[in-house]
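Bear in mind these aren't lab numbers, they're just calculated from the coordinates by the rules spelled out. Note that the structure is a prediction, hence the values are computed from the model and not measured. Cβ placement follows ideal geometry from the backbone for every residue including glycine, while neighbour counts extend to all protein chains displayed.
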Amino acid sequence: MRSDNERLTIVEGDATDPASVAKISKGADVIVNALSPRPSPSGRPATSLSRAARALIAGATRAGVPRLIVVGGAGSLEVAPGVRLVDSPGFPEEYKEESLSQADALSAYRASAGDVDWTYISPAAEMSAGTRTGRYRTGDDALLVNAKGESHISYEDFAKAVLDEIEHPTHPRARMTVAY
């Protein structure tokens, strides 16, 4: 595949196949997984996130890649002890299947053993275009909200948080969340 950025190499592989993951990630310092469980506009089928989780862990282990960063979802964050956002009243039905798929993937990462240091990063409940401020809060398994009860982060600050976690790990083999 071609890229207009000379510092970017695009390779094609199958994130649900450990051999493919190992082949294309050999020599990498980190794998960033931002897979979607939705079918692609080009007609590719939806990806099984839990299957991809297991394959990414196995492939990274085979290739000797020590870190895996997973861009996850907010639905599995807790809004009260033992109560996930996806299970709360009023959760949008159109996002439920995707949120449950993300929760299954998180379970697969948590069940993994081995040498791969994964971090699953859940965004705030709402994300939108904005500005990069470089300021955000982090948490673990609880949905972060502001004084008005809102949970929000800009795409730009979420991306900054992902890069910050790659460069300065704070949540090894754990989930973290990011919001204002």
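Can you pull out every residue in region 104-118 that is surrounded by 14 or more Cβ atoms within 10 Å (Cβ to Cβ) and either assigned to a strand (DSSP E or B) or hydrophobic (A, V, I, L, M, F, W, C) (or both)? A105, L106, A108, V116, D117, W118 - these are the residues of region 104-118 that are surrounded by 14 or more Cβ atoms within 10 Å (Cβ to Cβ) and either assigned to a strand (DSSP E or B) or hydrophobic (A, V, I, L, M, F, W, C) (or both).
Would you confirm, using the coordinates I've provided, whether I121 is within 19 Å of R51 (Cα to Cα), of a type outside the set (K, R) and part of a strand (DSSP E or B)?
Values: within 19 Å of R51 (Cα to Cα): yes; of a type outside the set (K, R): yes; part of a strand (DSSP E or B): yes.
In short, yes.
Screening the candidates A15, A52 for the property of being buried (at least 18 other Cβ atoms within 10 Å of the Cβ), of a type outside the set (S, T, Y) and assigned to a loop (DSSP other than H, G, I, E, B) yields one hit, A15. The set of residues in region 77-99 that are outside any helix (DSSP H, G or I) and either of a type in the set (V, I, T) or closer than 18 Å to T47 by Cα (or both) comprises V79, V83. Residues of region 80-103 being touching a residue at least 24 places away in the same chain (Cβ under 8 Å) and buried (at least 17 other Cβ atoms within 10 Å of the Cβ), which ones? Answer for region 80-103, where residues must be touching a residue at least 24 places away in the same chain (Cβ under 8 Å) and buried (at least 17 other Cβ atoms within 10 Å of the Cβ): L85, E98, S99, L100, S101, Q102, A103.
Can you name every residue in region 127-176 that is outside any loop (DSSP other than H, G, I, E, B), charged (D, E, K, R) and either in contact with an Asp or Glu (Cβ under 6 Å, 6 or more places away or on another chain) or surrounded by 12 or more Cβ atoms within 10 Å (Cβ to Cβ) (or both)? Those that are outside any loop (DSSP other than H, G, I, E, B), charged (D, E, K, R) and either in contact with an Asp or Glu (Cβ under 6 Å, 6 or more places away or on another chain) or surrounded by 12 or more Cβ atoms within 10 Å (Cβ to Cβ) (or both): R137, E156, D157, K160, D164, E165, R175.
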